[in-house]
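Novice: Here it is, the structure in full.
The values are calculated or read from the model by the stated rules, or taken from the named source; none is laboratory data. Since the structure is predicted, the reported quantities are computational estimates derived from the model, not experimental observations. As a convention, Cβ positions derive from the backbone with ideal geometry for all residues, glycine included, and neighbour counts pool all protein chains shown.
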Amino acid sequence: MPNTKRTADARRAGPQSGGRPWTLVYDGSCNVCSRLVRRVQKWDTRHVIQAVASQNDTASTRFPWISRESFDESMHVVAADGRTWSGAAAARQLLRILPFGWLLGMLWGLPTFGALADRGYRLFARNRYRFGCSEHCAVTPQAPPEVTPSE
């Protein structure tokens, strides 16, 4: 089920978005997310999507209806008029926006694909730091090398 919301205070593409009608808000601390966003930016040959890391102060200022917890849980696609998609629904919306993305987007028309995509997205989002560790990942620290006394 898509998470969409329309708000009155986001009715502009405006200078904050570089005049672009779509904004992708993602976890800038996640290396996997950052790599995927770079791919989206290359795919976006019409330059209609602005990518903003959720850790950027402008994200919470521009989109006050998205809670910090929601930013931490999933990516969001926000239209200039304030409609907002999150998680797998955001991925589906991206495919609708990107050139020839509708080809992959046709998968959502398959029975049960939408529900599986949503579950898969939530599973990935909860474990994303395991797939592409970043500085703040919970990594087991390595033990210091053993020092052998010289004889």
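Novice: Here are some residues: 40, 32. Which one is outside any loop (DSSP other than H, G, I, E, B), modelled with pLDDT under 85, within 16 Å of the chain's Cα centre (by Cα) and surrounded by 15 or more Cβ atoms within 10 Å (Cβ to Cβ)?
Specialist: 32
Novice: Regarding segment 46-53, can at least one residue be identified that is modelled with pLDDT under 90, surrounded by fewer than 21 Cβ atoms within 10 Å (Cβ to Cβ) and under 12 Å from the mean Cα position of the chain (by Cα)? Can you show your working first?
Specialist: First, the residues of segment 46-53 that are modelled with pLDDT under 90: none.
No.
Novice: For residues in segment 60-77 being in a helix (DSSP H, G or I) and either under 12 Å from the mean Cα position of the chain (by Cα) or at positive phi (or both), which is modelled with the highest pLDDT?
Specialist: Taking segment 60-77 and keeping what is in a helix (DSSP H, G or I), we get 60-62, 68-73.
Remaining after also requiring either under 12 Å from the mean Cα position of the chain (by Cα) or at positive phi (or both): 70-73.
Numbers: 70: 86, 71: 89, 72: 83, 73: 85.
Restricting to residues being in a helix (DSSP H, G or I) and either under 12 Å from the mean Cα position of the chain (by Cα) or at positive phi (or both), the top hit is 71.
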